[in-house]
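Peer 1: I have a structure I would like to understand better, so I am pasting it below and will then ask my questions one at a time.
The values are calculated or read from the model by the stated rules, or taken from the named source; none is laboratory data. As the structure is a prediction and not an experimental result, all values here were calculated from the model. Cβ: placed from backbone, ideal geometry, glycine included. Neighbour counts: every protein chain shown. These area figures cover heavy atoms from the full protein model, side chains too; ligands, DNA and RNA do not enter into them. Shrake-Rupley method; radii C 1.70, N 1.55, O 1.52, S 1.80 Å.
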Amino acid sequence: MKLVFAGTPEVAVPALDALIASHRHEVAAVVTRPDAPAGRGRRLVASPVAQRAEEAGIEVLKPVRPRDEDFLARMREIAPDCCPVVAYGAILPQVALEIPSHGWVNLHFSLLPAWRGAAPVQHAVLAGDEVTGASTFLIEEGLDSGPVYGVLTETVRPTDTSGDLLTRLAFAGAGLLAATMDGIEDGALKAVPQPADGVSLAPKINVEDAQVDWTSPALRVDRLVRGCTPAPGAWTLFRGERLKLISIGLLPERTDLAPGELSAGKNNVYAGTGSHAVELHWVQPQGKKPMRAADWARGVRIAPGEHLDMADVR
């Protein structure tokens, strides 16, 4: 089939690579979000998908809005058979959905209908799911509600961050998306409507959502840190300044610390929660680079009984 691939971030690149490598399909063009400011200089930088497409000599389309007439006209000229999508980042209007004969087929990183929305992997970690996966489905106007072509499952490991899990799903899902394109071309795959039961939503996690509430149980604090790593990054306040929590560990045997209370030894830093203590492994003070928590604690000289600030917990 002639394909137009739509995607933007690094997590979409493995799927693009799999389709470029396919001997059955032609990636005629790529649709991605416009160049965005990045780095200290805030200069405009092309998306990872745009960069990969340019390396492969593939036409790149960067509409400000997918309903722009110039974009729609070019899509009609290309006349794709199908448009595979991975984390494109914009809502596709019905007029665009109607252009490819086999529609737009999205690779979504959850077992639909669970975790429909922008942050399925983060929500799976936050919720403590033991198994998640990826689904390919036909895009319609509803939020991730279209009929499903195929699924794969992936175990959520006890120490997985959302970044770890998303990386594995990106590579496994690339194969699923390529196989879905093959099945659509063969006529062997038929999309099956999603069940009405089991729907859950996964809205974007913002910075305010990532603040630690130290009165929560340790398990919930651990899930928050892992679910918000690498973005937006779990955080707390220490002496009025933001402290990012990159990695922590559970310590069910230590229950002598009040919520948010700190205890620092030569090589370890502990913080109390609503159940038992956690150990801080890696932290990032405001305006500084990530560092081992023990090195941070030596530098700030934690006083006995000092707490991580729980003001403005949401």
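Peer 1: Excluding same-chain pairs closer than 8 in sequence, count the lysine pairs in the chain whose Cα atoms lie under 27 Å apart.
Peer 2: Qualifying lysine pairs in the chain: 11.
Peer 1: Could you give me the ³J(HN,Hα) list for the range 238-249, computed from phi with Karplus coefficients 6.51, -1.76, 1.60 and θ = phi - 60°, whole Hz, x at Gly and Pro?
Peer 2: Residue by residue, the range 238-249 yields 9, 6, x, 10, 6, 10, 7, 9, 9, 8, 9, x Hz.
Peer 1: Further, regarding this structure: Just going by the charge dipole of the chain, with Lys and Arg at +1 and Asp and Glu at -1 on Cβ, which of Leu176, Ile58, Ser263 is farthest out on the positive end?
Peer 2: Toward the positive end, the furthest listed residue is Ser263.
Peer 1: Considering only DSSP beta bridges with both partners in the chain, what is the antiparallel share in %, to the nearest 5? Mind dumping the intermediate values first?
Peer 2: Numbers: 36 of 52 bridges.
DSSP beta bridges in the chain are roughly 70 percent antiparallel.
Peer 1: Summing -39500 (n - 2.57) over the DSSP H runs of n ≥ 4 in the chain and dividing by its residue number, what mean residue ellipticity at 222 nm do you reach, to the nearest 500 deg cm²/dmol?
Peer 2: On the way: 8 runs with 81 residues, N = 314.
Taken over the chain, the calculation gives -7500 deg cm²/dmol.
Peer 1: Can you list residues from other chains, or at least 5 along the same chain, whose modelled amide H is less than 5 Å from the amide H of Leu250?
Peer 2: Glu279
Peer 1: Using Cα pairs under 8 angstrom and six or more residues apart, how large is the relative contact order of the chain, in percent? Mind dumping the intermediate values first?
Peer 2: Details: 689 pairs, mean separation 41.3, N = 314.
Over the chain, the number comes to 13 percent.
Peer 1: Also, I was wondering about something else. Once the mean 1/r over all distinct Cα pairs of the range 109-219 is inverted, what Kirkwood radius in angstroms do you read off?
Peer 2: Numbers: mean 1/r = 0.0663 Å⁻¹.
Its Kirkwood hydrodynamic radius stands at 15.1 Å.
Peer 1: Continuing with the same structure: With 10 Å bins from zero, work out the P(r) of the chain over every alpha carbon pair and list the percent per bin.
Peer 2: Using 10 Å bins, I get a P(r) of 6, 24, 28, 20, 14, 7, 1, 0 for the chain.
Peer 1: In addition: Non-local amide H neighbours of Leu61 (under 5 Å, H modeled in plane, Pro and chain starts lacking H): which ones?
Peer 2: For Leu61, whose amide H was placed from the backbone, the distant partners under 5 Å are Val30, Val31, Thr32.
Peer 1: Give or take rounding to whole Å, what are the principal axis extents of the alpha carbon atoms in the range 157-296, in descending order?
Peer 2: 63, 33, 27
Peer 1: Output wanted: per-residue J couplings in Hz (rounded whole) for the range 191-203, from phi through Karplus 6.51 cos²θ - 1.76 cosθ + 1.60, θ = phi - 60°, x for Gly and Pro.
Peer 2: Using θ = phi - 60°, the values come out as 6, 10, x, 6, x, 6, 8, x, 6, 9, 10, 10, x Hz.
Peer 1: Taking all pairs of distinct Cα atoms, average 1/r, flip it, and tell me the Kirkwood hydrodynamic radius of the range 1-141 in Å to one decimal place. Working shown, then result.
Peer 2: Details: mean 1/r = 0.0632 Å⁻¹.
This gives a value of 15.8 Å.
Peer 1: Something else: Accessible area per residue of the range 175-314 at 1.4 Å probe, in Å²?
Peer 2: Numbers: 7370 Å² over 140 residues.
Per-residue accessible area for the range 175-314 comes out at 53 Å².
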